[in-house]
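The values are calculated or read from the model by the stated rules, or taken from the named source; none is laboratory data. What you are looking at is a predicted structure, and each value in this text was computed from that prediction instead of being measured. For neighbour counting, all protein chains shown are included, and Cβ atoms are generated from backbone atoms with ideal geometry for every residue, glycine included.
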Ligand code: AMP
């Protein structure tokens, strides 16, 4: 059996790995570390939870032992799609690099430039960034990328989903062609393969656990529900209460508006709950995550973007409040539980309108998921109101109904929203001249939204979203907000929830106005 000592890592690294308590390298580590140490490019097809982070951090630490950093000229660069993932990689460097004296700079949005500038001034051995904030620093003329010897592109498929690929291409052009590139993705759709072909030279390809598989240690069940959110919330509450072995859980929603709604609803019902989505400021996100990791919070309501790749060991349950639109997201969500051979449980709420997404998931994972208490045909008739949807013991009291009726205010399609959320969550991007790629992307995102809306509604009708579109709210005070276009988009996502008519919108409000 291969041990860490067989991989060619330095003594300093091996000693830190031993201190971390790891003895046997995971398959991605055993496959990627030896060629990475020989300066080969790597194409790693692996999900989070497979030990992927150490598979690039450990060889990088070994290679960085030779040479030293110069001011404003980082030696290595790691690109991550979200702030949390970037912070997690930085933690990995601290853990495995405890015997090294390396300068690590974390460049993520939501943190002041000054502090980051000071780190860069001292000379960074390792730069860990989200793409937008890195480009901001480059445009400010404070960073020279010509000294980068190793480039890591992590979670490439997620970068694609978030619309970061043009940014990555711009960044790659700033780095010497002779660099070593380590490229990781959980899935390999054709766009990612093309990108890998462009960025990598004769890479060593390591593929671990096919991306479509879910861990055998996870018990998966689907739960029939009607599609009104108040009904789904009642089903979810019951489901949570029924879990006698629940230690902690992540609850996934497709849209960040629903993350906020569900979070408020669960806290009003007395659950210990936190929320995580890309528009929260960095300190709230960090606090929330720390509270969840320390077991001060039992339930974490999250969107895919925010939760992607989070290293939260030992989550006992995953609940999908919404069936994910992209089947691969199901695999990622479920991957939050049943890690490292532990057992876990995953429940997905399914209504009639979700069946095509469920079919796609079952096709991807190549298995039928069992219904928990009978399928959709066995569902009793829908409750007539929010009050009657609640279990008896919960009835009476609050006026949640108004909010529940106001379902016509969805801001974006989930895909467009994921892009918008990611970009808002990343650094504030530099001003760009019109015609540059981001404008195109924005147009595409809007086109996605419009297409989906047209599909979803009868001809000639204006969507409730259009009718109820809120006025842009001022940007948060702590934002260094230089990109007007982004600010507009963020405001669209974030604007105050309008008091809407929900399903009862008067006909005159549905007549399309002038653009
Ligand atoms: P990652 O896929 O990088 O997010 O890693 C998932 C988890 O596995 C993290 O908690 C790591 O600390 C842990 N881990 C990484 N390598 C090993 C290893 N060789 N043995 C046991 N656990 C590991």
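I'd like the full set of residues that are under 24 Å from the mean Cα position of the chain (by Cα) and either part of a loop (DSSP other than H, G, I, E, B) or more than 24 Å from residue 180 (Cα to Cα) (or both), limited to the stretch 120-154. Residues satisfying the conditions are 130, 154. Under the condition of being outside any loop (DSSP other than H, G, I, E, B) and touching a strand residue (DSSP E or B) at 6+ places or on another chain (Cβ under 6 Å), which residue from the stretch 190-211 is surrounded by the fewest Cβ atoms within 10 Å (Cβ to Cβ)? Residue satisfying both the conditions and the ranking: 207. Check whether at least one residue in the stretch 4-27 is near the ligand (Cβ under 7 Å from one of its atoms) and at pLDDT 95 or above, and report yes or no. Checked against the condition, which is being near the ligand (Cβ under 7 Å from one of its atoms) and at pLDDT 95 or above, the stretch 4-27 yields no hits at all. Comparison of 214, 187, 219 shows that the only residue that is modelled with pLDDT under 95, in a strand (DSSP E or B) and closer than 30 Å to residue 322 by Cα is 219.
Does residue 99 satisfy the criteria of being within 26 Å of residue 121 (Cβ to Cβ) and without any contact (Cβ under 8 Å) to a residue 40 or more places away in the chain? First the steps, then the outcome.
Working: within 26 Å of residue 121 (Cβ to Cβ): yes; without any contact (Cβ under 8 Å) to a residue 40 or more places away in the chain: no.
No, not satisfied.
Among the residues of the stretch 28-60, the one identified as more than 8 Å from the ligand (Cβ to nearest atom), out of contact with any strand residue (DSSP E or B) (no Cβ under 9 Å at 6 or more places or on another chain) and closer than 17 Å to residue 95 by Cα is 58. Is it the case that some residue within the stretch 264-276 is in contact with a strand residue (DSSP E or B) (Cβ under 8 Å, 6 or more places away or on another chain), within 30 Å of residue 353 (Cα to Cα), surrounded by 24 or more Cβ atoms within 10 Å (Cβ to Cβ) and at pLDDT below 90? Checked the stretch 264-276: no residue is in contact with a strand residue (DSSP E or B) (Cβ under 8 Å, 6 or more places away or on another chain), within 30 Å of residue 353 (Cα to Cα), surrounded by 24 or more Cβ atoms within 10 Å (Cβ to Cβ) and at pLDDT below 90.
Only residues that are buried (at least 22 other Cβ atoms within 10 Å of the Cβ), more than 16 Å from the ligand (Cβ to nearest atom) and over 20 Å from residue 293 (Cβ atoms) were counted in the stretch 78-119, giving 4. Tell me, yes or no, whether the stretch 65-77 has at least one residue that is in contact (Cβ under 8 Å) with a residue 60 or more places away in the chain, near the ligand (Cβ under 9 Å from one of its atoms) and under 29 Å from residue 198 (Cα atoms). No, there is no match, as no residue in the stretch 65-77 is in contact (Cβ under 8 Å) with a residue 60 or more places away in the chain, near the ligand (Cβ under 9 Å from one of its atoms) and under 29 Å from residue 198 (Cα atoms). Restricting attention to the stretch 327-344, does a residue exist that is modelled with pLDDT of 95 or more and either surrounded by 22 or more Cβ atoms within 10 Å (Cβ to Cβ) or outside any loop (DSSP other than H, G, I, E, B) (or both)? No: the stretch 327-344 contains no residue that is modelled with pLDDT of 95 or more and either surrounded by 22 or more Cβ atoms within 10 Å (Cβ to Cβ) or outside any loop (DSSP other than H, G, I, E, B) (or both). Candidates 358, 372, 349, 379: the one that is surrounded by 12 or more Cβ atoms within 10 Å (Cβ to Cβ), more than 32 Å from the chain's Cα centre (by Cα) and modelled with pLDDT of 85 or more is 379.
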